[in-house]
Amino acid sequence: MTTTTTTTTTTTTMTTTTTTPPTTAPTTTTTTPATTTTTTAATTTVTTMIATTPSAAVDAPILAAGTWTFPKKGTWQSVAAHVKFEKPFAEPPVVFTVANGRGGDPVTIRVRNVTSEGFTAVLVEPQGEDGPHVFQTRDYMAAAVGKHQLPNGAWMEVGKLIKTVEGDKKSRRGATTTWSNVAFDASFSSAPAFVTCLQTMQSETGQVPAKPSIPWITVATAGLSRSGARVALEMGETSRWGHIAKEEVIGWVAMEPGSGSLPDDAGAPVAYAAVLSKDVVRGYAQRNPAFVPFGANLGAVRPLVVGSQSTRDGGDGGWLRILARTPTGLTVAIDEDQASDQERSHTTERVSIIAFTKPFWMAATDAPATKQQAPSFIAGEFKFRGRTALPTEVKFDTPFEEPPVVFSLANAQGGHPVTIRIRDVTTDGFTAVMTEPLGNDGPHFAQTVGYVAIAKGIHQLPDGTDFEAGSIMVQPEEYSKVSKGCRGLTGSWHEVKFSGKYDAPPVFVAGLQTMASENGKPSREPAEPWLVVATKDLSATGAKVAMDLAEAFKRGRWDQVEEIGYVTMRPSVGRFVAKHGGGFVSYAALLSKDSITGFGDRKKTFVPFGMNLGTSKPVVVGSQSSYDGPNGGWLRLRQRSASGVTLEIDEDVACDAERRHTTEKASILAFSGGFST
């Protein structure tokens, strides 16, 4: 997206254009919070909520993001920037921006003259500074007023309120006007990311940006919850200079926390993240500034970012500045003015951040929530219910057209042998059951584990990597329960032929999709019968699979048809933008060497991904891909990191207590986060 910036260099004093707000409410519902007063100052604040119906111009943007660079006077001093939207809005939108850490003096960005075609931005310093500030390249977000459901189902609500002030506080401490209520119409399940930004400079009397801003005004936020927030005009410690004499407009946006992707005007995905941070963001002058993670790897080295402070715990007032940005998050600080003292330390605060991978605009025709295209691949995590893992239902965010195949992988939490069985797979979800074999009591510690669900057939990831998923039905077989020593038992081997063409053995993850033969009480008692999937003879054209009863075959009876699901993928690493959520996703598909040892062996094997996935907790699934040990076995995840996994082969203790195992191969799929595509 191209953003046009023009320069005014004839004078360093910007001319303020006064816009008279409407005197009557629109025909849509208008919420007017109660007028509030304080006894500590002769100040009366009247707040009028501006309610606007989104325009019927369906091709006009409802959301846009972009960048601009402040023009400069001489070699470094910024002057006002006039920023033009790539495509005009139907009505003047609400504009959001935030200053970065460039330049040592306190500074913020003020916005004014917002029209449907663009806005003016000014870098301003507070009283106590000289005024001029070094130029910056900054980002903006512009959004149409109203409640919008984004294509991925997330809610975004945008609004404005007018603060009319007669007189204001005079104090050496931080000072605000009286507080006004913002009530959300959207139904948020938790407190949203809530970003604010002044839209006007009506009360400005200083010759900005050549001189300090008078009066100094930012936006204070408090009481943020799922249903609303309180906002006020923040003067910090500068309230002795100037006064808020005219109406000022506060713009705000509330967005459901999370990450995902949005379509730009050409339909290409734009990854985004909306974050409400923990109470960890400290002052500009303090060491070790806070890092606020996006919750996803957006894939852009310099994502576009807007944000604001979301609490007001510090008595001196303050505002957000962005110190550094990465694909996975931001380093941020709360800045303060130095009008009454020189210190810029600050108690911890929460902040809200909204980030995008690139400039874009999205039209109203893209925004209504419509039935999404059924996914071919979903990855995510879930936590088993209860202190001891109980059967847990997992629902997909977007239904498949047909029931997919589902895979999960137990980690090493809990000392007993355990695996995860899948059952009741539908287009909407599945049930996961944590099971222990004969020789153990049955209940197991609850875990948070990864899963993938994949549509049957041949598909492609967004980066063009092919994958193939399918299943076979396996008939029950008669077998003797008479022990012939402590050795494992499998059923007959069944050949799986790959439709895709591979030059070498691919990644091959296999897992049971049913529990039709189960006669026990899984998660309360040992599984009856104990069943996992055995794999051998993996090649470029196919593999053989069988039902593996291991050494636990003396209890229970395999007497029903069971379904074995599988997925194949060429060993590879890469990154793509998910269609329905998750932003940029890094992934690794790998077939290990014949090096995976047993749960009871001291030496553990680390399997590198071949790239850094950018998160210490990737979503990981996998299975054993050879059958060299005579006792049977199955894969467990010992540890995971951004660069690889430590794996082990577990065994039951039904016949003997040893859980050592000869080396095996394993197939692994790992993703930097949950997604749907």
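The values are calculated or read from the model by the stated rules, or taken from the named source; none is laboratory data. Keep in mind it's a predicted model, so treat the numbers as computed, not measured. Note that we place each Cβ from the backbone using ideal geometry, even for glycine, and neighbour counts take in every protein chain shown. Accessible surface areas use protein heavy atoms only, side chains included; no ligands, DNA or RNA. Shrake-Rupley method; radii C 1.70, N 1.55, O 1.52, S 1.80 Å.
Filtered by the rule that a residue be out of contact with any His (no Cβ under 7 Å at 6 or more places or on another chain), part of a strand (DSSP E or B) and farther than 16 Å from Ile354 by Cβ, region 327-339 gives Thr331, Ala333, Asp335. Checking the stated criteria, Gly610 turns out not to satisfy the condition of being part of a loop (DSSP other than H, G, I, E, B), surrounded by fewer than 24 Cβ atoms within 10 Å (Cβ to Cβ) and touching a Pro at 6+ places or on another chain (Cβ under 7 Å). Looking across Lys147, Lys211, one residue alone is under 28 Å from the mean Cα position of the chain (by Cα), open to solvent by 20 Å² or more (accessible area, probe 1.4 Å) and not β-branched (Val, Ile, Thr). It is Lys147. Which ones in region 63-78 are open to solvent by 10 Å² or more (accessible area, probe 1.4 Å) and either part of a strand (DSSP E or B) or in contact with a Ser or Thr (Cβ under 8 Å, 6 or more places away or on another chain) (or both)? Across region 63-78, the qualifying residues are Thr67, Thr69, Pro71, Lys72, Lys73, Gln77. Among the residues making up region 473-486, those that are modelled with pLDDT of 80 or more and open to solvent by 40 Å² or more (accessible area, probe 1.4 Å) are Met473, Gln475, Pro476, Glu477, Glu478. Taking the listed residues Arg230, Arg240, Arg226, the one that is part of a strand (DSSP E or B), of a type in the set (D, E, K, R) and either out of contact with any Gly (no Cβ under 8 Å at 6 or more places or on another chain) or open to solvent by 20 Å² or more (accessible area, probe 1.4 Å) (or both) is Arg230, with no other qualifying. All conditions in (1) modelled with pLDDT under 95; (2) open to solvent by 50 Å² or more (accessible area, probe 1.4 Å) hold for Thr615, with the sole exception of (2).
Given the criteria at pLDDT below 90, of a type in the set (D, E, K, R), part of a loop (DSSP other than H, G, I, E, B) and surrounded by fewer than 21 Cβ atoms within 10 Å (Cβ to Cβ), does Arg287 qualify? When the stated conditions are applied, Arg287 passes them.
No other residue among Lys536, Lys521, Lys501 is modelled with pLDDT of 95 or more, under 39 Å from the mean Cα position of the chain (by Cα) and open to solvent by 30 Å² or more (accessible area, probe 1.4 Å) apart from Lys536.
Pairs linking a residue in region 224-251 that is within 22 Å of Leu320 (Cβ to Cβ) to a residue that is open to solvent by 60 Å² or more (accessible area, probe 1.4 Å) and assigned to a strand (DSSP E or B), with Cβ atoms under 6 Å and 6 or more positions apart or on different chains, are Gly228/Ala183; Arg230/Asn181. Residues in region 323-366 that are more than 19 Å from the chain's Cα centre (by Cα), farther than 13 Å from Gln286 by Cβ, open to solvent by 10 Å² or more (accessible area, probe 1.4 Å) and in contact (Cβ under 8 Å) with a residue 12 or more places away in the chain: Gln338, Ala339, Ser340, Asp341, Trp361, Ala364, Thr365, Asp366. Filtering Arg102, Arg138 for residues that are part of a loop (DSSP other than H, G, I, E, B) and either under 19 Å from Gln199 (Cβ atoms) or modelled with pLDDT under 95 (or both) leaves a single hit, Arg102.
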